[in-house]
Amino acid sequence: YSANEWTVGSYFQFATASTGYEGITITFDQTGSNTGPRDFKLQYSNDGTAFSDFAGGAYSVINGGWSSVTPVNTTTFTFDLSSITSLNNDTSIWFRLVSTSTVAVNGGAVATTGTGRIDNVVISAVPEPSGAAMLGSIGVLGLLRRRR
């Protein structure tokens, strides 16, 4: 996605479910034009209304190489939210990448025509241990029943 007319507080937003999962991480590629916004922060929510800042979630983008197919190391960001247990096993979790300043990628002011771009968003998680243990128990019960 690409957007312009950025102001402080403008954002990209994503939502998914984490039902049966924990240990959430988010990875994405983000860049901007020279006059696009440079400074961002990651926020998360369980209801899509009340958002919290992720500690250590402030970052700056560059006008780097861009690929809509393959992640580019200089524009790839990864955040491990596994410490935010409220995101585990939830029917609806939300993420925002929020513009936090009027400083552009080139160090000047963000212009109305300055663009922010994002792609290759991946939200990852692992199965909850209780769910995996339950599936294992069900599988063992299935095997025991089948052997009779």
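Quick notes
- Carbon + sulfur, % of accessible area of segment 61-111 - ligands and nucleic acids excluded, 1.4 Å: 53
- Accessible area in the full protein assembly, largest first, 1.4 Å probe, for S52, S83, S33: S83, S52, S33
- Highest average packing first - 90-103, 11-24, Cβ atoms within 10 Å: 90-103, 11-24
- FRET E, pair V103, S2, Förster distance 22 Å, beta-carbon r, rounded to 0.05: 0.70
- For A58 and Q13, the difference between the fully extended length at 0.36 nm per residue and the C-alpha to C-alpha distance is 14.6 nm.
- Potential lengthening between D80 and T49 on full extension [0.36 nm per residue; Cα-Cα distance subtracted]: 9.0 nm
The values are calculated or read from the model by the stated rules, or taken from the named source; none is laboratory data. Quantities reported herein were computed from a predicted structural model and do not represent experimental measurements. Cβ sites come from the backbone with ideal geometry, for glycine too, and all protein chains shown count toward neighbours. All accessible areas refer to the heavy atoms of the entire protein, side chains included, with ligands and DNA or RNA removed. Shrake-Rupley method; radii C 1.70, N 1.55, O 1.52, S 1.80 Å.
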